[in-house]
Amino acid sequence: MALPTDSNDTFLREVDENLRRDQVQDFFKKNGKWVAAAVVLFLAAAGGWIFWQEKRNRDAAAQTEELHSVLTDIGSGRKQDIPQRIDALEESHSDAVRASAMLTDAALALEQNNRSAAIAKYREIVDDKGLPQVYRDVGTIRLTALEFDTLKPEQVIARLEPLAKAGNPWFGSAGEMTALALLKQKKNAEAGKLFAAIAADTQVPETIRTRAVQVAGTLGVDATASMPSLQQQD
């Protein structure tokens, strides 16, 4: 007498489960030591990674405090050991600390009239692809400002092209240098339009906007409508 279909299915499932259970038991009998070793290694690696992350976070916090202390000492004129402390901070695993230390290093070089050292440091920042773009952009602006008189106008324009756009945080500085480079190329109309655009961007610092209005005026472009304060003075 044939078994019902559902009985066959039940029987087959039981055989399959027993077979799988036997296979698992055989596997662990043969490879149990290796499996245990692999689990131990995984747990050790995971624990090491967590410890490493926590250590990096603690180091970053301590380095941030040290950076604040360095800047405070610079502001107070206590600069005896500043170079060594900055060098140490430039080795930080924190991008913010490392970049800030490098920018501080360049600023101190300028304060000591060491333009070549400042230029080298800003170029190092610009070329460091490990740093977030915001810090590299700061380096680009300051490097270009220092090198402006030695660069060809087309070099200035090409270098600052990504930043000399309305809405970019560096539009004021990058746009102003780009417009001056356009003037060197005798492209007065283009320079005037760019100065007017700078004056119209309320995100640009007012000092730069005011200069832009004045220069645009000398180029025959009336940008005073962008600066209500200037309109009230007229």
| request: Pairs of Cα atoms under 8 Å, at least six residues apart: use those to get the relative contact order of the range 110-234, whole percent. | output: 15
| field | Cβ charges +1 (Lys, Arg) and -1 (Asp, Glu), total dipole of the range 153-234, debye | value | 220
| remark: Classified through the alpha carbon gyration tensor (a ≥ b ≥ c as square roots of its eigenvalues; rounded if a/c is under 1.5, else prolate when a/b is larger than b/c, else oblate), the range 66-150 comes out oblate
| said: Over the Cα atoms, compute the radius of gyration (one decimal) and Dmax (the largest Cα-Cα distance, rounded to a whole number) for the range 153-234, in Å. | reply: 11.9, 39
| query | Taking only C-alpha pairs under 8 Å that are 6+ residues apart, what is the relative contact order of the range 66-150 in percent? | reply | 19
| task | Any of 165/187; 79/129; 129/165; 129/187; 129/184; 121/187 with alpha carbons more than 26 Å apart? Name them for me. | result | 79/129; 129/187; 129/184; 121/187
| Electrostatic dipole magnitude of the range 66-150 [Cβ: Lys, Arg +1; Asp, Glu -1; Cα centre; debye, to 20] | 140
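Read the figures in this text as sums done on the coordinates, not as results from a lab. From a predicted model like this one, the values you see are computed outputs, not experimental measurements. Cβ: placed from backbone, ideal geometry, glycine included. Neighbour counts: every protein chain shown.
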